[in-house]
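Visitor: Take this structure, written in structure tokens, and hold onto it; I'll ask about it next.
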Amino acid sequence: MNELKVEGDTIQFIVVKIGKEQFGIDIKFIDNIVRMQHITRVPKVADYLCGVINLRGEVIPVMSLRVKMNLSADTISKDTRIIILKFEQQGAIGIIVDEVKEVITIDASQVDKVTYDTKDERINFLSGVGKTDNGLISILDLNVVVAEKENA
Amino acid sequence: MDVSQYLEIFLDETKEHLQNLNTLILDLEQNSEDMNTINEIFRAAHSLKGMAGTMGYKRMQNLTHDMENVFSEVRNGNVKVKANMIDILFQCLDALEGYLANIQENSDEGTEDNEPLIKALNDTLKGQDAVPAPAKEKAPVKATEAKVAETKTAEAKPVKETISKDPKNWKKMNLDEASKEALSDYVKAGKNAYGVTVFVQESCILKAARAFLVFKALEPIGEIVVSEPSTQDIEDEKFDLDFSLFFVTEKSIDTVLAAIKNVSEIREAIGEPVEHSQLQITIEAEDEEIVESTEETGVVKEADTAVMVSNQDNGAGKQEKKNTVSKPIVNRTVRVDIEKLDVLMNLVSELIIAKNSLVSAAGTEGVSNNTGVNEQIEYLESVTTNLHESVMKVRMVPIESVVNKFPRMIRDLSKKLNKKMELYMTGEETELDRTVVDEIGDPLMHLLRNSADHGLESAALRKERGKPAVGSIFLDAYQDGNNVVIEVRDDGNGIDVNIVKNKAIERGIITVEQAENMPDKDIISLLFLPSFSTAKAVTDVSGRGVGLDVVRSKIEALSGEVEVRTKLGVGSTFTIRLPLTLAIIQALMVTVGGEKYAISLNSIQTIEDISLADIKTVQAKEVINLRGIVIPLIRLNSVLDIESAKQESESLIVVIVKKADKLAGIVVDDLMGQQEIVIKSLGKFISKSKIISGATILGDGEVALILDTNSLF
């Protein structure tokens, strides 16, 4: 995924809150944002896969980012949302976030690659850091986010 | 020239012709004297050649041309059909299929010239010439040929005459006032008006397409004012070998003619500026011309068919009759992209989901006391059910398209294995969902090969056992309720349980003790394990041990099942059972621990109320004795990792499910009832869950999962 190499262009991100941290999700992968709804559990799958939901007649799997990032389990509030991501190959998947904050536009040149620190497992979910007027924002590497986790 | 828009049609039709040829040549092998078959073969080969030529596939055309030569000699009685000739012909068909595959892949026929084949074809012609028999036969043939030639020249003359006398057919065109006015208007405006007559080559197959290309070539440089026959008739191919048109342009006549001649298979195009006189012809003169032109086209037509007929067949009368008879039988069908049908099916699915939610909404709220609403909902239900059935039927295709290639395959196998065998097929017209039909070919082929290779004994052994020398393989298909059953049966050796047992022990699949306690049935089902083959030698045909497990996994992927029955020395039967449709099924809804699950009604045998006292334990597993059969119990809540929400009670609700001839009892909390459900995929992210085969959306919008009961065994 080379969304960061678009030259001289701006990239739009949706800023979401997971735990205490804020993350940016590239808007071009987002199909939809829906409120939390009943999730049908699917037995015998990885623990971070919560189950499936009905999105206008389509059955879409939903995963918990918090569980995948080894944070505490999701606490559902009125701000909880499911962000439906769409990939060309794998199709759609929903990820649960604690809150959706805003949409920001960052110049592509203002996005830096992260320097990897192999000790920190969470950093692997990031593809870069964007600089905004209000500070820094971590940008999620969606391919890593949805990839199957080993020994899960 | 761009022919890509015809590529699809070409591929479809070529496939049909090739299949047709395969069947016909098989017939010919059985009955080498049948004139009808030979004629039909000739026609199919001829159409193939024409089509390949039109599309510009030269190599394909060359090969078919030489095949056609052979057939025409056969038809004329100059050459007798021989076994080696049939072989060569089959090789040719294979080569043609190779071309076709290339074309399909990269719209190019490839570079294989198949020269050895062409040479072999020509050799059969030459070689047969030397056979003494034809000496007698040749004379009459020559005579008929001469006669044909005579009629040809005699009848062709008028054609030539009309052409040479006045090929400028446009002059005979019957212009109506409006077109005349339009023409003269254009002329006044300083443009050039030309009358043009285009002659298409006699060998041209897609005349309408050629005409269309001519029109297309002309469009950018000017305007076609009027054509004879009308554009509609030309599109419908209602013209002979020529058509005329009036054309207005700023370009010179040479440019126009060059543009037309650029289209291939156009023999000649002639044109001249329109004379003023033609635009102002008196009415009487016009009338005269009409008479003349109709007369002449009449002659041309007659002569033309005569020539064509004499070209194609000596028995001209018979041929003509056949042609006229066969026309109206043409199926009234439409070729539809399968994707469009999928879309339609999806929409029907949506509709059924919407209907289900209406039903549940009407059931809950105060609406239900309004009988009018209920009536309408019932009406809607019957409409959606009918709609679903109709759409399903549209997607159904006879398995014929798949099984048709098998007689040829068995023939080849028979030669290769040096065993005499015959394939008998019934129920080719049995229909299955298109997606299933596409997938069923390989498994069936594996089974047939198995029967041919492992099943049927060698000729000597058959004789010893008092069986007929020619082995029989049967392929029977029929519909059985909501299933389609396909049986592959042979009268061969059957499966030797002991050989299978020893092999399994040798491979370490089972231990000696296990083997002793195993019923024969279970041992035979070992054959379906990956990499298990009993053939002593790995042959070209089978024996790599990939056959049966591929068969099973393919069939199970289609939600079907395979079983084997066999009797040593008598033969074996493989039975494939497939669901009619995959997208919408009748299901029983059950609840376990507050979650809803669907179980396909197809796999359910009965539903039982089992008292706790009746549950026995065998080898630490719960079983029940149901009417004399011991059935293992499966607690669904523990399989699904969930707490049962049911209070302890005296009895359990047990759904008895079957897989092939095995039964199991699934313990559920409660039954919700039967429902028509639409199967939805869980998507690529949740593919690991083996016990869930899909999901469905219930009337209230909730997602329920569909249990794959086969995985519970």
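Taken together, the values in this text are just the output of simple stated rules run on the coordinates, not laboratory data. Here the structure is a predicted model, which is why all the values come from computation and not from measurement. Cβ sites come from the backbone with ideal geometry, for glycine too, and all protein chains shown count toward neighbours.
Visitor: Could you bin all the Cα-Cα distances of segment B:4-131 into 5 Å bins starting at 0 and give me the percent of pairs in each, rounded to whole numbers?
Guide: Spelled out per bin, shortest first, that is 2, 11, 23, 25, 19, 11, 6, 2, 0, 0.
Visitor: Starting from the Kirkwood radius over alpha-carbon pairs of segment B:338-396, derive D by Stokes-Einstein at 4 °C in a medium of 1.567 mPa s and give it in µm² s⁻¹.
Guide: After rounding, the answer is 105 µm²/s.
Visitor: Take the alpha carbon gyration tensor of segment B:468-524, find the square roots of its eigenvalues, order them as a ≥ b ≥ c, and report rounded if a/c is under 1.5; if not, report prolate when a/b exceeds b/c, else oblate.
Guide: oblate
Visitor: What is the dipole size for segment B:399-579, taken about its Cα centre, with +1 at each Lys and Arg Cβ and -1 at each Asp and Glu Cβ, in debye to the nearest 20?
Guide: I would put it at about 900 debye.
Visitor: For segment B:347-471, state what percent of all Cα-Cα pairs lands in each successive 10 Å bin, counting from 0 Å until the bin that includes the largest distance.
Guide: 11, 25, 18, 14, 12, 11, 7, 2
Visitor: Here's a follow-up. If you rank A:Y48, B:Y6, B:Y424 by fewest surrounding Cβ atoms within 10 Å, what's the result? All intermediate terms of the calculation are to be shown ahead of the outcome.
Guide: Numbers: A:Y48 19, B:Y6 15, B:Y424 11.
Listed from fewest to most nearby Cβ atoms, that is B:Y424, B:Y6, A:Y48.
Visitor: A:R41: net charge of surrounding residues, Cβ under 13 Å, Lys/Arg +1, Asp/Glu -1, itself excluded?
Guide: On the way: positive: A:K44, B:K596; negative: A:D47, B:E595, B:D641, B:E643, B:E702.
Charge balance in the 13 Å sphere: -3.
Visitor: Quick one: which of B:K119/B:K405; B:K621/B:K658; A:K44/B:K662; B:K658/B:K690; B:K340/B:K680; B:K49/B:K119 span more than 21 angstrom between C-alpha atoms?
Guide: B:K119/B:K405; A:K44/B:K662
Visitor: Here's a follow-up. Shielding by partners for A:46-55, please: the mean number of other protein chain Cβ atoms within 10 Å of each residue's Cβ. Intermediate values should be presented prior to the final figure.
Guide: Details: counts 4, 0, 0, 5, 0, 6, 11, 3, 11, 1.
Taking the mean over all residues of the peptide, I get 4.
Visitor: I've got another one for you. Would you mind classifying segment B:399-579 by shape? Square roots of the alpha carbon gyration tensor eigenvalues, ordered a ≥ b ≥ c; an a/c under 1.5 is rounded, otherwise it is prolate if a/b is larger than b/c and oblate if not. Please report the intermediate quantities before stating the final value.
Guide: Numbers: a/c = 1.76, a/b = 1.17, b/c = 1.51.
Judged from the Cα gyration tensor, segment B:399-579 comes out oblate (a/c at least 1.5, b/c at or above a/b).
Visitor: Return the ratio Rg/(2.2 N^0.38 Å) for segment B:584-712, where Rg is computed over Cα atoms only.
Guide: Working: Rg = 14.7 Å, N = 129, 2.2 N^0.38 = 13.9 Å.
Normalised Cα radius of gyration, segment B:584-712: 1.05.
Visitor: Taking every pair of alpha-carbon atoms in segment A:3-146, what share in percent sits in each 5 Å bin, from 0 to the bin with the longest distance?
Guide: 2, 9, 19, 22, 21, 15, 7, 4, 1, 0
Visitor: Compute the relative contact order of segment B:584-712 as a whole-number percentage, counting only Cα pairs closer than 8 Å that sit 6 or more residues apart in sequence.
Guide: Worked out over segment B:584-712, it gives 31 percent.
Visitor: With an 8 Å cut-off on Cα pairs and a minimum separation of 6 or more residues, tell me the relative contact order of segment B:338-396 in percent.
Guide: Normalised by residue count, the contact order of segment B:338-396 is 51 percent.
Visitor: Indicate the gyration tensor shape class of segment B:672-713 (rounded, prolate or oblate), computed on the Cα atoms with a ≥ b ≥ c the square roots of the eigenvalues: a/c under 1.5 is rounded; otherwise a/b larger than b/c is prolate and the rest oblate.
Guide: Taking the square roots of the gyration eigenvalues as a ≥ b ≥ c, segment B:672-713 is oblate.
Visitor: So for segment B:4-131, averaging the separation of alpha carbon pairs under 8 Å that are six or more residues apart and normalising by length, what relative contact order in percent results?
Guide: Here the relative contact order equals 27 percent.
Visitor: What's the Cα-based Rg to Rh of segment B:1-70, Rh via Kirkwood?
Guide: In segment B:1-70, Rg relative to Rh is 1.03.
Visitor: A follow-up question, please. Looking only at other chains, what is the average number of their beta-carbon atoms within 10 angstrom of each beta-carbon in B:637-647?
Guide: 1
Visitor: Which one of B:N502, B:N418, B:M518 is farthest out on the positive end of the charge dipole of segment B:399-579, using unit charges on Cβ (Lys, Arg +1; Asp, Glu -1) and the Cα centre as origin?
Guide: Most positive-ward Cα: B:N418.
Visitor: Averaged across B:348-355, how many Cβ atoms of other chains sit within 10 Å of each residue's Cβ atom?
Guide: 1
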